Amino acid sequence: MTPGTLFRLARAGTRADTARVALTALSAALATLAGLAALTVLAIPTPPATDGNSVRWSLQYTNGLLREPGLRGGLAFALVLLVVPVLGLAGQCARLGAPARDRRLAALRLAGATPHQVTRIAAAETGLASLLGTVGGLAVFLAGRRLLHRPGPDGRLPLPTDVHPAPPAVLAVALGLPLLAAVVTAVLLRRVTTTPFGMVRRARTRAPWPWPGLLILVGLALFAAFRPVGLWYERRHAEPPPWLLPTLLILGALAAMVGVIAGTGWLSHAAGRLLHRYGRRPAALLAARRLTTDPWAGSRTFAALLAALIFGAGAAGIRADFLATIELNHRTGAGMAGSDSFYLGAMDLVDLAVAVSVAIAGGGLLVAVVEGIVTRRRAYAALVATGVPRATIGRSLLWQSLAPAVPAIGLALAVGYLLVRGVFPAPAGGGYPQEVCDAGERLCGDPATRARYTRTEWVPEVTVPPHVPWEQLAWFAAAGLAAVLLTVGVGLLFLRASTTVEELRTT
Amino acid sequence: MSFLQARGVVRAYGRTPALRGVTLDVAEGEILAVTGPSGCGKSTLLHCLAGILRPDAGQVTWRGERIDEWSESARSRLRRTEFGVLFQFGQLVAELTAAENVALPLLLAGTGRREARTAALTWLERLGVAEVADAPPGEMSGGQQQRCALARALVTEPRVLFADEPTGALDTLTGEQVLTQLVRLAREQRTTVVLVTHEPRIAAYADREVTLRDGTVDRSGLGLDAPLPGGHR
Amino acid sequence: MNSDAVSTQHVLLGLLARGPRHGYELKRAHDERLPRARPLAFGQVYATLARLERDGLVVPAGQAREGGPDRTSYALTGEGRAALDRWLATVEPPMPYVASTLFAKVVVALMVADVERARGYLIAQRRAHTERLRELTAVKTAPAAGLDDVIAADFAIAHLDADLRWLHTTLERVADWHREVHS
């Protein structure tokens, strides 16, 4: 197959295909922007310590998040975090118009194309669309760098527009994302290419195993091991290898995330079984069977949302820890009051990132819900024709979304919070003597008089267990549920159009 | 009182007219074939008679009541209580088992799960497909699926059964077996049948035949349209 | 010589292949073996036997007098057996026997009458066919229908269906055809 033929066949498609290509390109562009922003932040050099700047801040920036070397890693991480829901959106978009594409690819197979060739055609489509997106994202990034380079009157910059991310890293993002997208497409297409007749039959599937629970436990254990491992080295007056502790956290977060997302498949199946046993109405029966037939649909649909909620709950846990530390400092009289509000401000930024993630994940959710309805339009139209009220179908869609979403959201929030609790112990302080001088600035400041007015007080040992941030977690849960409800609501608008009698005419 | 009738029914899809004023009477207990070449409007007429589509003009009356003026939900209720509908293919819910598919109309009517399942099994038995009761449609043959769909259409013991090319997707022998069962059961239960088909051999299962041509009833006698050589579609 | 006569000759040759028989026996055996065919007249049996004897395919094999008229029994010759084998080995050209009258009538109607009359005939014929089709279908769907009834009905239905398709196509073509014939 020549590249020309490959390109021609990859482009032959319907309007749904065009929409999918456009959305794929858009998600790729968004992911590129987020990735490049993270790389730029990481490219900010840390100046050598000087007398006036012993903490090695990058003073050319107005924003504290950019100045402090210790915070830049977190900022870059938050930016990369934004890529997760964007990739989720891209994954959902890949499913858009999938039945039509599956049929087209199946037709290519019947025309004599090998499974390998068909996979290459589809992968080429996704890869090219993503490349379009990354190139566009790169262009927007470069233009944005130039446009936003606005030094203030004191010469300070609001954004790190004075540094370039390393060219190899930029290249890796611009080429790696399309490559990744193409590989994912090839993996997702395994089912279609195995048979030239496309996926027309649905047989009974086996119930999923509860192995994701094990993954979640592994993730929690890795996080909980963070402190003991550090202490173990400390007791031996040794430094842990620099890769060890970050690896613990990254592996733990990955395991927990994959566990929660895959666990949604098990939750869907279990919810379906319960609904089937106890549901009385036809809507519950329809939803129950859908859930048990394809339990992984929930995993695919909610993946981005759940990932965002895990991070959100983690952030809530960190905020609770900050608040507990502040409380402790108040009680023991230690710490710097000024930095408290700064850290809380940084947490607000993280919360914002989570909110944006939930919104983007909601977009992916919508695509999935609409796609599910459009795929089943013939069966739905036939049901409506035989007198099944549209409201019944709508209720079944609601059941089908909420039954797995409610426990999955709860699970995601619990896991996210518990991960953080595993790393941070309850802040404790006190248990030591402290010199107190309460004779005023002049007397205490003078070394000659100071000793006379100084007394030693015993600061009692205090542990401030952080409050479980119920309110914030509830907000996240509400936001997640609202995203689900909203998307189902919008999906129901498509239900009417998809159940017109015209759908029965298309054979 | 008339049973089911259409009076000057007009219906278009966008700017393409499908029915240009069809008047037709369906008598209680009869098996009526509606025939005609592709695109003559026979499926549209069935949809109008069954209250699935609302005509643009004209009337559809059921036992003297104008169902074309009824609300969507009222017509929905009529379709799932008094009417049964059978299409060419693809009407079963892919995720439900055969028995659940058949029980669905009963569940919608508020029948208990156990009772609905018993009735569904009885009907599957009667149509000779009891062995696939707990299989999803994906695991059934075309003939089994269509028998299952017929069971679903008849489980509420409807007054009228609307069948739109019910054997169009089946081979000749299976199609004839399904039709034979349909006709026998309809006569047994005194169910009226409106059968849409383009094949004279299928239309011969009816007591009476009405032919449509270009959206109107063909009264020239030219009507009785046979299909192109080679049979269905 | 029409195909009907040809097949009668060969059926008689076939019946004689099992041993010599006289005319009356041949008629009885024929009617027994082919129950739905038109019954064979005695005259036709003797005429056919005479033709077969003339062509050297059968020979008289003896006389029997059993309190009635003379009865000559006939036997197959070697040539007769060869003719029978040739006939059995030949594939019949697929010719629709039933439709031939129908076909001839339509052609003649188009030659001697106007289009409307030809159409009128076709429509009437099609109605008759449809009626018969419905009758036979009713035989099939009757709850008491046995396998014999269904198979017999199927055979007739398949032929009627073929005729109906032909009638339909012909109706559509009549106008063009008429123009061609009269040009």
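Nothing in this text is a laboratory measurement; each read-out follows from the coordinates by a stated rule. Just so we're clear, the structure is a prediction, and the values are computed from it rather than from any experiment. Glycine gets a Cβ as well: all are built from the backbone with ideal geometry, and neighbour counts include every protein chain shown.
In plain terms, the residue of C:Met111, A:Met347, A:Met257, B:Met140 with the fewest other Cβ atoms within 10 Å comes first and the most crowded comes last, giving C:Met111, A:Met347, B:Met140, A:Met257.
Would you mind counting up the charge near A:Leu138? Only other residues with Cβ under 15 Å from its Cβ, with Lys and Arg at +1 and Asp and Glu at -1. Overall, the nearby charge balance is +2.
Each of A:Pro240, A:Gly64, A:Gly394 was scored by the projection of its Cα onto the charge dipole of chain A, and the greatest displacement toward the positive side belongs to A:Gly394; charges sit on the C-beta of Lys, Arg, Asp and Glu.
Given a Förster radius of 22 Å and the C-beta distance between A:Trp470 and A:Ala428 as r, what FRET efficiency does 1/(1 + (r/R0)^6) yield to the nearest 0.05? Approximately 0.45, to the nearest 0.05. The phi torsions of the range C:136-144, fed into the Karplus equation with coefficients 6.51, -1.76 and 1.60 and a -60° offset, translate into couplings of 5, 5, 5, 4, 5, 7, 4, x, 8 Hz, rounded to whole numbers, with Gly and Pro shown as x.
Residue-wise HN-Hα couplings along the range B:134-149, as the Karplus relation 6.51 cos²θ - 1.76 cosθ + 1.60 with θ = phi - 60° gives them from phi, are 9, 9, x, x, x, 9, 9, 7, x, x, 5, 4, 5, 5, 5, 5 Hz; Gly and Pro carry x. Taking every alpha-carbon pair in chain A and binning the separations at 20 Å intervals from zero gives 18, 47, 26, 7, 1 percent. Spacing of the modelled spin labels on A:Thr114 and B:Thr23, each 7 Å from Cα toward Cβ, amounts to 6.8 nm.
What does the net charge come to around A:Val462 if you take all other residues with beta carbon closer than 10 Å to its beta carbon, with K and R at +1 and D and E at -1?
Computed value for this residue: -1.
Rg of the Cα atoms in the protein assembly as shown, relative to 2.2 N^0.38 Å, amounts to 1.42.
Between 0 and 90 degrees, the angle of helix A:226-235 with respect to the longest Cα principal axis of chain A falls at about 40 degrees. Over the residues of chain A, the helix contribution to mean residue ellipticity at 222 nm works out to -25500 deg cm²/dmol, using -39500 (n - 2.57) for each DSSP H run of at least 4.
Distances between placed amide hydrogens fall under 5 Å for C:Arg71 paired with C:Ala64, all partners being 5 or more residues away or on another chain.
Once the Cα-Cα distance is subtracted from the 0.36 nm per residue extended length, the C:Met111 to C:Ala50 segment shows a gain of 18.0 nm. The charge dipole of chain A, taken about the Cα centre with unit charges on the Cβ atoms of Lys, Arg (+1) and Asp, Glu (-1), comes to about 3100 debye, rounded to the nearest 20. Taking the centroid of alpha carbons for each part, the range B:43-121 and the range A:471-489 are 36 Å apart. Taking other C-beta atoms within 10 Å as the exposure proxy, C:Leu49, A:Leu65 rank A:Leu65, C:Leu49 from fewest upward.
What does the charge count around B:Ser73 come to, taking other residues whose C-beta lies under 12 Å from its C-beta (Lys +1, Arg +1, Asp -1, Glu -1)? Taking every Cβ under 12 Å from that of B:Ser73, the sum is +4. Between the amide H of B:Val210 and those of B:Ala33, B:Val34, B:Thr35, distances stay under 5 Å, these residues lying 5 or more places away or on another chain, with hydrogens modeled in the peptide plane.
Here's how it looks for B:Gly84: its modeled amide H is under 5 Å from those of B:Val160, B:Leu161, B:Phe162, which are all 5 or more places away or on a different chain. Here chain B is assigned +1 on the Cβ of each Lys and Arg and -1 on the Cβ of each Asp and Glu. Its dipole about the Cα centre then comes out at about 500 debye.
State log₁₀ I(q)/I(0) for the range A:296-408 at q = 0.11, 0.14, 0.17, 0.24 Å⁻¹ as given by the Debye formula over alpha-carbon point scatterers of equal weight, solvent excluded. So the normalised log intensities are -0.56, -0.72, -0.88, -1.25. A simple rule links phi to the HN-Hα coupling: the Karplus curve 6.51 cos²θ - 1.76 cosθ + 1.60 with θ = phi - 60°, which for the range C:116-127 gives 4, 5, 4, 5, x, 5, 4, 5, 4, 5, 5, 4 Hz, with x for Gly and Pro.
Each of C:Met111, C:His129, C:Ala158 was placed along the dipole of the range C:99-182 (beta-carbon charges, centred on the mean Cα), and the one lying farthest toward the positive end is C:Met111.
Beta bridges assigned by DSSP with both partners in the protein assembly as shown are antiparallel in approximately 65 percent of cases.
Whats the longest run of chain A with zero trypsin sites (Lys or Arg not before Pro) that are DSSP loop and have at most 14 other Cβ atoms within 10 Å? Don't skip to the end; give the middle numbers.
Values: sites that count: A:Arg156, A:Arg201, A:Arg202, A:Arg204, A:Arg206, A:Arg236, A:Arg280.
Maximal segment without exposed cleavage sites: A:281-507.
Between B:Val10 and B:Glu72, the modelled labels are 2.4 nm apart [label points 7 Å from Cα along Cα→Cβ].
Ordering C:Ile123, B:Ile67 from the fewest to the most neighbouring beta carbons within 10 Å gives C:Ile123, B:Ile67. Seen against the Cα atoms of chain A and their longest principal axis, helix A:337-375 is set at about 0 degrees.
Based on the reciprocal of the average 1/r between different C-alpha atoms, the Kirkwood radius for the range C:99-182 equals 14.0 Å. Once the Kirkwood radius over Cα pairs is known for the range B:96-223, the Stokes-Einstein relation at 37 °C and 0.692 mPa s delivers a diffusion coefficient of 210 µm²/s. Over the Cα atoms of the range B:126-189, the radius of gyration divided by the Kirkwood radius equals 0.94; this is the Rg/Rh ratio.
Computed over the range B:1-159, the percent of Cα pairs more than 28 Å apart is 30.
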